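Nothing in this text is a laboratory measurement; each read-out follows from the coordinates by a stated rule. Predicted model, so just to flag it, every value in this text is computed and none were measured. With ideal geometry, Cβ positions are generated from the backbone for all residues, glycine too; neighbour counts draw on all protein chains shown.
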Amino acid sequence: MSGRYPGDPDFGGRIPRNGCCACYSDFTSVKLFDQHRVGKHAYSYAEGLDMTPSREDGRRCLDKYEMLALGWEQDENERWFDPVSVEAARKGFAELHGRPRSAREQDSDQAAG
């Protein structure tokens with residue numbers, strides 16, 4: 001063995017970041033992972049179908065087509081991400097990076113230089 005972690009065979013040999021053990025999808029954030037799990041927590045989708053009367057509101061994972069319909073995409077590592085959230089984060093970091101420096105930060109730079 002080369003010493004590198006070989007990955008998880010359930011995830012196609014990849015190392016999952018926020019992997020779902022129910023559907024084996026992987027997500028770039030815990031928030032997105034949580035959003036892909038839908039339905040009531042009290043019982044699974046399959047258990048709901050076995051109830052009398054049958055219920056289709058049990059806990060389950062969104063399928064690929066439902067995630068695509070939400071506008072989610074997969075990156076080069078097959079991890080699902082929300083491009084809208086990614087762009088909002090980029091804008092937020094760009095605004096922070098370009099923010100005016102406080103007087104304390106400017107004084108600290110002058111004292112060090």
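With respect to the stated conditions, residue 48 fails to be more than 24 Å from residue 13 (Cβ to Cβ), of a type outside the set (D, E, K, R) and touching a helix residue (DSSP H, G or I) at 6+ places or on another chain (Cβ under 6 Å).
If we scan the range 31-54, do we find a residue that is on the phi > 0 side of the Ramachandran plot and surrounded by 16 or more Cβ atoms within 10 Å (Cβ to Cβ)?
First, pick out the residues of the range 31-54 that are on the phi > 0 side of the Ramachandran plot: 39.
Still in the list and also surrounded by 16 or more Cβ atoms within 10 Å (Cβ to Cβ): 39.
Within the range 31-54 (the criterion being on the phi > 0 side of the Ramachandran plot and surrounded by 16 or more Cβ atoms within 10 Å (Cβ to Cβ)), the answer is yes, since at least one residue qualifies.
Can you confirm whether residue 60 is of a type in the set (D, E, K, R), part of a loop (DSSP other than H, G, I, E, B) and farther than 20 Å from residue 15 by Cα?
On the way: of a type in the set (D, E, K, R): yes; part of a loop (DSSP other than H, G, I, E, B): no; farther than 20 Å from residue 15 by Cα: yes.
Judged against the criteria, residue 60 is not a match.
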